[in-house]
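The values are calculated or read from the model by the stated rules, or taken from the named source; none is laboratory data. Everything numeric in this text was worked out from a predicted model, so none of it was measured. Glycine gets a Cβ as well: all are built from the backbone with ideal geometry, and neighbour counts include every protein chain shown.
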Amino acid sequence: MHEATSVLFGLDGFRVIDVERVDDDLVRVVVETIDQHGACPGCGQVSSRVKQRPLVRIKDLPAGDGRVDLWWRKRRLVCANPQCGRGSFTEAMLQIPPRSRLTNRLRAKVASAIAASNRAVAEVAGEYRIAWHTAHRALIAAAGRWLPEPAPTAVLGIDETRARSVRWILEAQRWRRSDPWMTSFVDADTSRPGILLGLAPGRSGACVSSWLAEQTHTFRQAIRTVVIDPSAPYASGIRAALPGVRIAVDHWHLVRLANDMVTEVRQRVSRERHGRRGRKTDPAWAHRRMLLTAGDRLSRRQLHRLQRVLLADDPTDEIGAAWGCKELLRQLLAEHDPARIRQRLWRFYTACADADMPETSRLASTIETWWPHILVALTEQVTNARTEGYNRTIKQVKRVACGFRNMDNYRRRIMAHIAVTRPRLQTA
């Protein structure tokens with residue numbers, strides 16, 4: 001066979017000795033090793049004496065639009081050492097490990113296809129005509145190479161995602177509620193590209209402290225700030241594992257609390273005034289999304305429309321007061337100068353006190369409770385946006401898999417997908 005055929009086939013350490021077109025969809029290729037010598041795995045003695053040359057069928061990558069039926073004329077060599085108990089041994093190559101029926105390049109392609117394109121294991125296994133377990137083992141082996149130890153970071157972001165939907169499980173004649181969550185740990189340092197550092201089961205303080213305890217001393221010492229949502233369990237876990245580290249509360253969750261407060265006030269006013277839920281005929285209900293839109297993003301025309309809505313459907317001025325408190329909180333969270341932060345904080349507290357509603361009082365109490373950590377986020381200008389972005393990626397992986405029963409598979413698929421795709425995004 002011409003040497004160029006072996007170069008084109010590209011299987012390192014092998015040469016093509018025969019190629020045959022079986023049909024329009026299948027090409028039969030026979031290869032053998034270039035090196036005719038082999039070392040006995042028992043004693044290390046090099047031998048070139050051939051005992052047998054059986055044909056062994058190997059799975060390999062497709063060629064063009066057709067499949068490749070690869071056969072390896074595998075030599076069985078006689079050990080030249082009479083003291084060795086093996087007698088004979090077969091060749092072993094890096095591209096085709098011992099007792100393997102797949103080439104390493106096929107395993108690498110299968111693992112990359114599952115992780116990079118976020119495809120189901122069964123779909124990729126069917127495309128390459130291998131078993132599901134074979135494809136899954138290829139992914140496990142590749143993930144071990146793709147997932148290094150988390151790199152130290154000065155800003156750590158923490159947030160949770162639901163691993164599975166809520167289920168009720170019958171155990172010992174009692175029903176147990178299963179509500180599994182996973183906690184994400186993200187490099188939130190905006191001075192460099194972010195990456196998902198790890199996933200841990202649960203969303204408790206013990207979950208956070210145990211994951212941090214598993215990391216190296218260098219990793220823990222590098223952390224200066226941890227960004228979370230207003231979660232007391234997370235805060236307690238951070239204090240236990242990293243005493244002295246600053247905790248920052250992300251502003252997005254606080255704005256969401258303010259929007260929820262406006263919605264609660266609108267719903268309560270509608271029930272008190274009409275004795276029912278809001279309807280399309282109610283201006284406040286019809287413009288409920290406008291009430292949640294940032295005031296500085298509303299056009300002049302929209303602001304006039306909002307005034308007309310409040311005049312028509314807010315006789316007690318409670319919805320307008322709630323909207324004003326929400327806007328004052330947004331202005332506070334957008335400020336980074338310490339003097340202006342104090343001024344806007346006083347205005348927010350004053351507005352909540354003047355509103356004198358349980359909803360605004362509860363919001364003010366929440367801000368007061370978390371204020372030291374909110375102030376860290378404002379002055380240090382840190383955010384948990386990267387963690388929220390990775391939560392979206394995690395949910396996409398879960399949708400493709402239609403959920404995960406095994407938490408190890410859950411973590412591996414998500415981490416492998418991000419490890420493979422993230423460098424491409426950074427270099428694009």
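Taken over region 262-272, the residue count meeting the criterion of being among the charged types (D, E, K, R) and surrounded by 15 or more Cβ atoms within 10 Å (Cβ to Cβ) is 3. Residues of region 320-340 include none that is closer than 19 Å to Val265 by Cβ, part of a loop (DSSP other than H, G, I, E, B) and free of Cβ contacts under 8 Å to residues at least 24 places away in the same chain.
Quick test for you: out of Ala258, Ala200, pick the one residue that is more than 22 Å from Ile394 (Cβ to Cβ) and either of a type outside the set (S, T, N, Q) or over 25 Å from the mean Cα position of the chain (by Cα) (or both).
None of the other options fit; the residue is Ala258.
Any residue in region 395-417 that is more than 17 Å from Val124 (Cβ to Cβ), of a type in the set (Asp, Glu), at pLDDT 85 or above and assigned by TED's automatic domain parsing to the domain that holds Ile195? The answer is no, given that none of the residues of region 395-417 is more than 17 Å from Val124 (Cβ to Cβ), of a type in the set (Asp, Glu), at pLDDT 85 or above and assigned by TED's automatic domain parsing to the domain that holds Ile195. Looking at this structure, is Ala188 of a type in the set (A, V, I, L, M, F, W, C) and more than 28 Å from Ile367 (Cα to Cα)? Taking the combined requirement at face value, the residue does not satisfy it.
For region 212-232, indicate whether the set of residues that are more than 14 Å from Gly157 (Cα to Cα), β-branched (Val, Ile, Thr) and free of Cβ contacts under 8 Å to residues at least 24 places away in the same chain is non-empty. Scanning region 212-232, I find no residue that is more than 14 Å from Gly157 (Cα to Cα), β-branched (Val, Ile, Thr) and free of Cβ contacts under 8 Å to residues at least 24 places away in the same chain, so the answer is no. Please determine whether any residue of region 72-81 is out of contact with any strand residue (DSSP E or B) (no Cβ under 7 Å at 6 or more places or on another chain) and of a type outside the set (Val, Ile, Thr). Looking for residues that are out of contact with any strand residue (DSSP E or B) (no Cβ under 7 Å at 6 or more places or on another chain) and of a type outside the set (Val, Ile, Thr), one finds at least one in region 72-81, hence yes.
Quick check on this structure: which one of Arg276, Arg297, Arg301, Arg330 is assigned by TED's automatic domain parsing to the domain that holds Phe348 and either polar (S, T, N, Q) or surrounded by 15 or more Cβ atoms within 10 Å (Cβ to Cβ) (or both)? Arg330 is the lone residue from the list that is assigned by TED's automatic domain parsing to the domain that holds Phe348 and either polar (S, T, N, Q) or surrounded by 15 or more Cβ atoms within 10 Å (Cβ to Cβ) (or both). Out of all the residues in region 279-298, which are more than 37 Å from the chain's Cα centre (by Cα) and polar (S, T, N, Q)? Selection gives Thr281 alone.
Determine whether region 240-255 contains at least one residue that is surrounded by fewer than 19 Cβ atoms within 10 Å (Cβ to Cβ), aliphatic (A, V, I, L, M), over 30 Å from Leu291 (Cβ atoms) and in contact (Cβ under 8 Å) with a residue 60 or more places away in the chain. Within region 240-255, none of the residues are surrounded by fewer than 19 Cβ atoms within 10 Å (Cβ to Cβ), aliphatic (A, V, I, L, M), over 30 Å from Leu291 (Cβ atoms) and in contact (Cβ under 8 Å) with a residue 60 or more places away in the chain. Would you mind stating whether Val30 is outside the structural domain of Ala142 (by TED's automatic domain parsing) and either in a strand (DSSP E or B) or acidic (Asp, Glu) (or both)? For Val30, the condition - outside the structural domain of Ala142 (by TED's automatic domain parsing) and either in a strand (DSSP E or B) or acidic (Asp, Glu) (or both) - is met. Of the residues making up region 269-319, just one is in contact with an Asp or Glu (Cβ under 7 Å, 6 or more places away or on another chain) and not in a helix (DSSP H, G or I), namely Asp282.
For region 141-192, filtered to residues that are among the aliphatic types (A, V, I, L, M) and surrounded by fewer than 18 Cβ atoms within 10 Å (Cβ to Cβ), the residue that is nearest to Ala235 (Cα to Cα) is Ala154.
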